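Notes to accompany the following structure.
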Amino acid sequence: MCGIIGYTGPLEAKRLLIEGLAGLEYRGYDSAGIAFFRTDSKIQVIKQVGKVAALKEACEGISVGSHCGIGHTRWATHGGVTNENAHPHQAGQVTLIHNGIIENYHQLTEEFQLQDELVSQTDSEVAARVLDRFYQGDPFVAIQKLVGKLEGSYGFCILFADRPGEIYAVRSVSPLVAAYTHSGAVIASDLTALIPYTQSYFVVPEGEIVRLTPYKVQTYDLQTFAKTQPPVMTVNWNMDAAMKNGFPHFMLKEIHEQPEAMKNTILPRLSKGLPDFTDDGIDDEIFRSCTQVHIIACGTAMHAGMVAKTVMEPLLRIPVTVTIASEFRYQQPLIDEHTLVIVISQSGETIDTLAAMRLAREYGSQTLAIVNVKGSTIARESGYVLYTHAGPEIAVASTKAYSVQLAALYLIACRMALVRGKYTKEQARTFLAEFLDVIPAMEEMIKRREEMKAVVTHIINSPDAFFIGRGLDYAFSLEGALKLKEISYIHAEAYAAGELKHGTIALISDQVPVIATATQDNIFAKSMSNVREVKARGAFVILITKEGAKVDGDLADIHIMIPAVRDIFTVFPIAVVLQLIAYYASLGKNLDVDQPRNLAKSVTVE
Ligand code: F6R
């Protein structure tokens, strides 16, 4: 969380920093701030509670020729949303922005007797003040000493008052990427901020210091200060991918991008009609030799794992466990060297997922990461990586990343079935051929978006909504409920339909919206009985089935039919339906679709 950008070069830094922060706002939008060297070489700080637009307004009329500066958009952790707590923080010679959490900031406050100096409640200011105490004119020595004192996670960008034109940065866990471009030197928390300037970049290695000058970006070993050379990476995202391109919101654009993202993720991995991960460097042995699969992720990515479990277990006949990453870390997980641990993360930076993956590696398990952001920490540290090719996902509510995570998981399921002898080549080919039918099915549901728009008038005035389904229908209902609650603020819960009568049905009363999905032929009749139970208690039933499903005329208040893809693939067109319902609900309530309250994309704090 928290977006970071730094720039030094020939361009006007103030404008560039504010534009960069606007692009990074999905990382946090409690406050924003910039610091830059003015032409008189003095550092000026401007910070403002609220979104980047408020900062931009605060900067208007301040005309400076600035060519070097840092900017920050905050997701509050320590200390409330106030101007004092906004970054950058200044202490003596030091001006600093921070992403992460300094866990021992209380101890540092006492050790360095900072109590009377602090003007904010943040852990970040403590780091700035400690750094200033260490600074005797040599940034490298001071940063080395600071890092030696810190516990927690951090990505810092630092200006030293007597070093105009220079930016120093260091990180542990929290991401930073940097590049030297034709327009100068840029550093940021996310690739999206670099895309306007370059497609070549490097990930700032942990344990190294980066110095940016208008002429160069150089990394140095934190201990020896010897120059280092991190590998250069390229990204094939372009500016269009990070813009709205005529859509009113990133979320709607990203929903529309799903069929393309699916093709980009699936097609390069098909060879002679079979799934093939040769180009990904994934060794079939990890699929063949495992005795169980353990999927670890958070939020939407974890919900993708829940769907995968319902598909993989019956197919592979081995245990497939899904664990929330933040829980996994503090369990004593039942995994070993015969476990295939699949971690799923759009950003590749979610700290709980990363820590869980590191733990799994300590247990000797094979790790396979399904990640969208190339070169992210999880991608780099995982034994194997399967990149999804969704392009940048900017809306805080994940949509296209979910679909492509599922696509990757279905490919893995098919490959595993093949190498474990559960599928013949012919069966695998049939699976994939039918799988590809989901792409036109998703396209169709996107075209029929007005149907979902009509649904929301029956939802937005209700404080609650329930999603029910069985089996796979339940697994993706979890995601439908999450989508609705995070952007419409309607309390939404998903239940296994058969479980309702064990308590929750007490909440069903007149006109309470129930979004019921029944797409699985083998349990269709059972699901219908559960729908009847809620209908009998006055629920407003929005029923989703496959085309051709036989439904009693009086059962559904609204009936949405998806194309009749094979049962195990219904999640794909339904994902579109549920995303659009959430989107239009948020819109109908006049809320901020792309940046819902209290949230941020890429959760890099525990
Ligand atoms: C919800 C959402 C989150 C993320 C979760 C994991 O719409 O986006 O629940 O799925 O924070 O993030 P990644 O996939 O980046 O690890």
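The values are calculated or read from the model by the stated rules, or taken from the named source; none is laboratory data. All figures in this text were calculated on a predicted structure; none of them were measured in a lab. Backbone-built Cβ (ideal geometry, glycine too); neighbour counts: all protein chains shown. Areas reflect the complete protein model, heavy atoms only, side chains present, ligands, DNA and RNA absent. Shrake-Rupley method; radii C 1.70, N 1.55, O 1.52, S 1.80 Å.
If you go through segment 454-477 and pick out every residue that is over 20 Å from Ser529 (Cα atoms) and either of a type outside the set (A, V, I, L, M) or within 21 Å of the chain's Cα centre (by Cα) (or both), you end up with 6.
Selection over segment 198-218 of residues that are within 17 Å of Ala142 (Cβ to Cβ), buried (at least 18 other Cβ atoms within 10 Å of the Cβ) and not charged (D, E, K, R) gives a count of 3. Checking each residue of segment 433-449 against the condition of being farther than 26 Å from His256 by Cα, away from the ligand (no atom under 16 Å from the Cβ) and either in contact (Cβ under 8 Å) with a residue 12 or more places away in the chain or assigned to a helix (DSSP H, G or I) (or both) gives no match. Considering the conditions (1) open to solvent by 30 Å² or more (accessible area, probe 1.4 Å); (2) more than 14 Å from the ligand (Cβ to nearest atom); (3) within 16 Å of Leu368 (Cα to Cα), Val320 is excluded by exactly one of them, (1). Pairs meeting the criteria (first residue in segment 485-499 and touching a residue at least 12 places away in the same chain (Cβ under 8 Å) and among the hydrophobic types (A, V, I, L, M, F, W, C), second residue in a strand (DSSP E or B) and within 16 Å of the ligand (Cβ to nearest atom), beta carbons under 7 Å, at least 6 apart or on different chains) are Ala492/Phe467; Ala494/Phe467.
Going by the conditions given, is Ala242 of a type in the set (Gly, Ala, Ser), within 26 Å of Leu191 (Cα to Cα), within 16 Å of the ligand (Cβ to nearest atom) and touching a Gly at 6+ places or on another chain (Cβ under 8 Å)? When the stated conditions are applied, Ala242 does not pass them. The number of residues in segment 1-46 being in a strand (DSSP E or B) and closer than 25 Å to Met243 by Cα comes to 10.
So, in segment 462-510, of the ones that are assigned to a strand (DSSP E or B) and aromatic (Phe, Trp, Tyr), which residue ends up most open to solvent (accessible area, probe 1.4 Å)? Of everything passing the filter in segment 462-510, Tyr495 is most open to solvent (accessible area, probe 1.4 Å).
If you go through segment 532-579 and keep only what is touching a strand residue (DSSP E or B) at 6+ places or on another chain (Cβ under 9 Å), in a helix (DSSP H, G or I) and closer than 17 Å to Ile459 by Cα, you end up with Val534, Lys535, Val577, Leu578. Out of segment 186-214, which residues are at pLDDT 95 or above and over 16 Å from Thr228 (Cβ atoms)? Hits for segment 186-214 are Val186, Ala188, Thr213, Pro214.
Hey, any hits in segment 105-119 for a residue that's in a loop (DSSP other than H, G, I, E, B) and in contact (Cβ under 8 Å) with a residue 40 or more places away in the chain? Among the residues of segment 105-119, not one is in a loop (DSSP other than H, G, I, E, B) and in contact (Cβ under 8 Å) with a residue 40 or more places away in the chain, which makes the answer no.
The rows are residues; the columns are (1) surrounded by 22 or more Cβ atoms within 10 Å (Cβ to Cβ); (2) more than 24 Å from the chain's Cα centre (by Cα); (3) acidic (Asp, Glu).
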| position | (1), (2), (3) |
| --- | --- |
| Ala22 | no, no, no |
| Gly28 | yes, no, no |
| Ser31 | yes, no, no |
| Thr39 | no, yes, no |
| Lys56 | no, yes, no |
| Gly71 | yes, no, no |
| Arg74 | yes, no, no |
| Val94 | yes, yes, no |
| Ile97 | yes, no, no |
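The residues on offer are Thr82, Thr77, and the sole one that is outside any strand (DSSP E or B), in contact with a strand residue (DSSP E or B) (Cβ under 8 Å, 6 or more places away or on another chain) and touching a residue at least 60 places away in the same chain (Cβ under 8 Å) is Thr77. Among the helices (runs of 4 or more DSSP H) confined to segment 323-421, the ones with at least 1 residues that are crowded, with 23+ Cβ neighbours inside 10 Å, more than 14 Å from the ligand (Cβ to nearest atom) and touching a residue at least 24 places away in the same chain (Cβ under 8 Å) are located at 351-362, 400-419.
Scanning segment 65-93 for residues that are at pLDDT below 85 and more than 29 Å from Gln136 (Cα to Cα) returns Ala76, Thr77, Gly79.
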